[in-house]
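Undergrad: Before we start, here is the structure in question, set down as structure tokens.
The values are calculated or read from the model by the stated rules, or taken from the named source; none is laboratory data. Predicted, not measured: the structure shown is a model, and the values here were computed from it. Backbone-built Cβ (ideal geometry, glycine too); neighbour counts: all protein chains shown. Areas reflect the complete protein model, heavy atoms only, side chains present, ligands, DNA and RNA absent. Shrake-Rupley method; radii C 1.70, N 1.55, O 1.52, S 1.80 Å.
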Amino acid sequence: MNNLWLVIRREYITRIRRRSFILATLLTPIGLALFVVIANAVFSYGNDDVQRIAVIDDGDLFAGALPDENGLYFHFVDQPLDSLRNDAGEDRDYAGILVVPKVKNPRSRNFRVQLFSDETLSIDAQSRIRNRIEDAVREYKIEALDIDERTLASLETDVSLSVRSLTTTEEGESDDRSMASMLGAGIGTVMGFLMYISVFVYGMMVMRSVMEEKTNRIVEVVISSVRPFTLLLGKIIGVGALGLTQVLTWMIMIPGMLFLVGLFFGLDAEPSQMPNSPDMDPAEMQSMIERTIDGLNDLNWWIIIPCFILYFLGGYFMYAALFAAVGSAMGDDMGESQTLTIPITIPVILAFYIMMAAIQNPNSSLAVWSSLFPLFAPIVMPARLAFDPPLWQVLVSLVLVFLFAGLMVWMASRIYRIGILNYGKKSTLKDMGKWITAKY
Amino acid sequence: MIRTNAPVIEVQDVTKSYGEKVAVDSVSFAMPPDAILGLLGPNGAGKTSLIRMITTITAPDSGSIFFQGQPLNGYHPTQIGYLPEERGLYKQMYVGEQLLYLAQLKGMNARAAESRARDWLGKFDLQDHWKKKVEELSKGMQQQVQFIATVLHEPKLLILDEPFSGLDPVNANRMRAEILRMHANGTAVIFSTHRMEQVEELCEYIVLIDRGRNILQGKVHDIRRQFNEHRYRLTYTGELPAALGERYQLLNQTFSGVDIQLGPDVSSNELLRDLLRMDVQIQGFQELLPSLNEIFIKRVSKVSSTGQPATISR
């Protein structure tokens, strides 16, 4: 027990002070914040090129009012086109000349407007000009055809499909499941993804740790004092603690950095700033937020969070043990031995894809069966948790995951104790199979 | 209770195989307390397999091993210090931290380990390197650090596999002196090497292993005597009388000396009497015992002549 603690501590301390680890831990949130700043800057990058557009409005469509916006300045002129074109040749007062004819037939669905320009107007500018004209024509037509605008608006109907759970109808209003399932998908994706990344990153770290000791030959000294099983377990726990430290740091730092970035750069994700985003009316926003909060409250956090942690532990132990076994079987030539990791990476990647499918159909038989299959369950089941899977499935899957993780750790320790002393050539999967049952 | 007169290590009929290959084949020997024992044998003879069983890294397929009279158990590794032939330390760890870690794994408490580690580093003039990473040290220094890690917990039994390889003569001597000092204080030493002159110089006992079998064991002195070929080296001045050559078989004659081969029933005194009678001007007369190197090569190749040739590396 004492030795286990010593091994855990060594694994943790020597790794956490490595420059590469500190940089990765600190730079990831900073990099993310930087990315947000840059992405925001790129999106909100307006046209700093001021372009003046001369507008010949024959039909008085705009009634002399066309507000300037974002580098585009409109100027109404009375001159005929020809004289303007000649002027433009000399002093280039205007970047373009927009000729808006009269609307002859309000019932026509086509309206042709000409824009004369020697410069290339940006696509953005072109579409903004087109939108302006469309709006103006619409106004004009409403008036010309004598349509009541409210009548017109009432033609459009927002249909909201409210999905209610059969079992909880008695509870009344707050059981709108549609928001919950959307949130569930979001949370499920985040959890599945987190599992996927941590299995790979920290599993690989355990594998490198095993290989380092083996190629260094220090392992022979260490296992003359510590049982190989203790050493292996210590490594897995030590690296796991390190991973937890990193993830927790990120969980604190990333929102913190984003908050700071928001504070300094005044980035508020106001939807109206985004081009083409539908204007959202504040009341609708309000109800959206309320429904989100309701949905979040609806989720069974008391089950989701502990289960997630349990799956995280089970999945990590399972895969870290496998990676450790492979690391111990590798020869001194790392590159040649990488093929041994393929049998481990395949189930992880498969599980990831199944998880994506499970979010779409959380109760499909694929989702159910793969969340009971121990190699996939740690990634698939967390994604299903937000969709209220039957309790028995969660329990059975958890029990299977832990039994399997225990089995993997045991098996890995059998391979490990022989693998680490087997210098030189790389071992095959067949060798590793033999080692499991081999005597000490 | 530890019976101090029990053999520090007793190996009884130990066999160990890896798959088809028998690495150690019914080896038995007992190592007297406080001895220095040379474990000899060509490459691949099974020395490392045997050492791994003594250090409890692996377990024998059959047979048993006793440490100070008790069957080997989980406590005994803390009484053993093992310096494997394949050297290695954690490159990213600091020297001091590494010594503390390894000593604590051997059951020492951190404070005692630290003061002792500082003492030991001082002995090898490494006291300024406490806070240095191992990868910053020279190879020789790393080896000294590893030696310190091996002895820090004051083991009852030291197992050293080629301890001097790669060390310069000054540091090799320093390490040798420390080994002998520890031995004088009651530490038993198993010394695995191919360097016969070191064995002759340091070891009282040897065990010679070839292809998994224990083919020779005992006190170095007794073994050399056992392989005595009744040769004597005579140094002299003047001429050798021709009669000597008629009575005895002369080998390697030079202008000032000759090796004389005696028959099994002729004593050295008889030879001396003859020499005096022939009025040879004797300057020196000594028995020529075979060197361990000769015995090693002879025994290993003799055994091997029945099968594949053994590889002998020096």
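Undergrad: Return the inverse of the average 1/r over all pairs of distinct C-alpha atoms in region A:176-437, which is the Kirkwood hydrodynamic radius, in Å to one decimal.
TA: 20.5 Å
Undergrad: Could you tell me how many degrees, from 0 to 90 and to the nearest 10, lie between the Cα long axis of helix B:169-184 and the main elongation axis, the longest principal axis, of the Cα atoms of chain B?
TA: The helix B:169-184 is inclined about 80 degrees to chain B.
Undergrad: Can you tell me how much longer the chain between A:Thr189 and A:Leu391 gets when fully stretched, taken as 0.36 nm per residue apart minus their C-alpha distance, in nm with one decimal? Before the final figure, lay out each step's value.
TA: Numbers: separation 202, 0.36 × 202 = 72.72 nm, distance 2.04 nm.
Stretched out fully, the A:Thr189 to A:Leu391 stretch lengthens by 70.7 nm.
Undergrad: Can you pull the one-decimal nm distance between simple spin-label points at A:Met356 and B:Ala59, each 7 Å off the Cα toward Cβ?
TA: Rounded to a tenth, the inter-label distance reads 4.9 nm.
Undergrad: Taking a threshold of 21 Å on the Cα-Cα distance, which of the pairs B:Lys106/B:Lys156; B:Lys91/B:Lys139; A:Lys214/B:Lys131; A:Lys214/B:Lys91; A:Lys214/B:Lys133; B:Lys219/B:Lys298 fall above it?
TA: The pairs that break the limit, which is 21 Å between Cα atoms, are A:Lys214/B:Lys131.
Undergrad: Between A:Arg85 and A:Thr28, what is the label-to-label distance in nm when each label sits 7 Å out along the Cα-to-Cβ direction?
TA: If labels sit at A:Arg85 and A:Thr28, their model points lie 6.3 nm apart.
Undergrad: Using just the C-alpha positions of the protein assembly as shown as equal point scatterers, what log10 of I(q)/I(0) does the Debye formula give at each q in 0.08, 0.10 1/Å?
TA: The calculated log intensity ratios at q = 0.08, 0.10 Å⁻¹ are -0.86, -1.10.
Undergrad: I'm a student and want to see the number: the projected area of the Cα convex hull of region A:51-153, averaged over all directions, in nm².
TA: 7.2 nm²
Undergrad: If you stretched the chain out fully between B:Ala184 and B:Met278, how much longer would it get, using 0.36 nm times the residue separation minus the C-alpha to C-alpha distance?
TA: In short, 29.0 nm is gained.
Undergrad: In straight Cα distance, which lysines are under 20 Å from B:Lys16, not counting same-chain residues fewer than 8 positions off?
TA: A:Lys434, A:Lys439, B:Lys47
Undergrad: Averaged across the residues of A:7-14, what count of C-beta atoms belonging to other chains lies within 10 Å of each residue's C-beta?
TA: Taking the mean over all residues of the peptide, I get 3.
Undergrad: Here's another thing I want to ask about it. Which value, in Å², gives the accessible area per residue of the protein assembly as shown when a 1.4 Å probe is used on the protein heavy atoms?
TA: 53 Å²
Undergrad: Once you have a ≥ b ≥ c as the square roots of the Cα gyration tensor eigenvalues for region A:312-440, tell me rounded if a/c is under 1.5, and otherwise prolate or oblate according to whether a/b is larger than b/c. Numbers along the way, then the final one.
TA: Working: a/c = 3.49, a/b = 2.10, b/c = 1.66.
It comes out prolate by the Cα gyration axes.
Undergrad: Here's something else I'd like to know. Could you work out the helix-only [θ] at 222 nm for the protein assembly as shown, with each DSSP H run of four or more residues adding -39,500 (n - 2.57) and the total divided by the number of residues, to the nearest 500 deg cm²/dmol?
TA: Rounded to the nearest 500, it is -17000 deg cm²/dmol.
Undergrad: Please list, in chain and number order, the residues 5+ apart from B:Leu288 or on another chain whose amide H is under 5 Å from its amide H, with Hs placed from the backbone.
TA: B:Arg231, B:Tyr232, B:Arg233
Undergrad: Which values, in whole Å and largest first, are the semi-axes of the equivalent ellipsoid of region B:172-249 obtained as the square root of 5 times each eigenvalue of the Cα gyration tensor?
TA: So the three semi-axes of region B:172-249 are 37, 19, 11 Å.
Undergrad: Contour minus end-to-end for A:Asp118 and A:Arg19, with contour as 0.36 nm per residue of separation and end-to-end as the Cα-Cα distance?
TA: Value of the extension gain: 30.0 nm.
Undergrad: Can you compute the FRET efficiency between A:Leu248 and B:Asp119 using 1/(1 + (r/R0)^6), with r the Cβ-Cβ distance and R0 = 25 Å? Round to the nearest 0.05. Present the calculation step by step, with values, prior to reporting the outcome.
TA: On the way: r = 41 Å, r/R0 = 1.64.
Here the calculated transfer efficiency is 0.05.
Undergrad: On to the next question. Loop only by DSSP, 13 or fewer other Cβ within 10 Å of the Cβ. Give me the GluC sites (Glu not before Pro) in region B:1-103 that pass, ordered by residue number. If you can, show how the numbers build up before the last one.
TA: Numbers: sites: B:Glu10, B:Glu20, B:Glu85, B:Glu86, B:Glu97; in loops: B:Glu20, B:Glu85, B:Glu86.
Answer in residue order: B:Glu20.
Undergrad: While we're looking at this one, here's another question. Which three numbers, in whole Å and largest first, are the semi-axes of the equivalent ellipsoid of region B:229-288 derived from its Cα gyration tensor as √(5λ)?
TA: 16, 13, 11
Undergrad: Let me ask another. Using a basic spin-label model with each label point 7 Å from the Cα along Cα→Cβ, how many nm lie between B:Lys139 and A:Val159?
TA: Result for the modelled spin labels: 7.9 nm.
Undergrad: Across peptide B:105-111, what mean number of C-beta atoms from other chains lies inside 10 Å of a residue's C-beta?
TA: Partner Cβ neighbours, averaged per residue: 3.
Undergrad: With a cut-off of 8 Å between alpha carbons and a minimum separation of six or more residues, what is the relative contact order of chain B in percent? Present the calculation step by step, with values, prior to reporting the outcome.
TA: Working: 532 pairs, mean separation 64.3, N = 314.
Over chain B, the number comes to 20 percent.
Undergrad: A further question follows. What do the square roots of 5 times the Cα gyration tensor eigenvalues come to for chain B, in whole Å, largest first, as semi-axes of the equivalent ellipsoid?
TA: Semi-axes (√(5λ), whole Å): 44, 25, 18.
Undergrad: Moving on to the next point. For region B:1-132, take N as its residue count and report Rg(C-alpha) divided by 2.2 N^0.38 Å.
TA: 1.25
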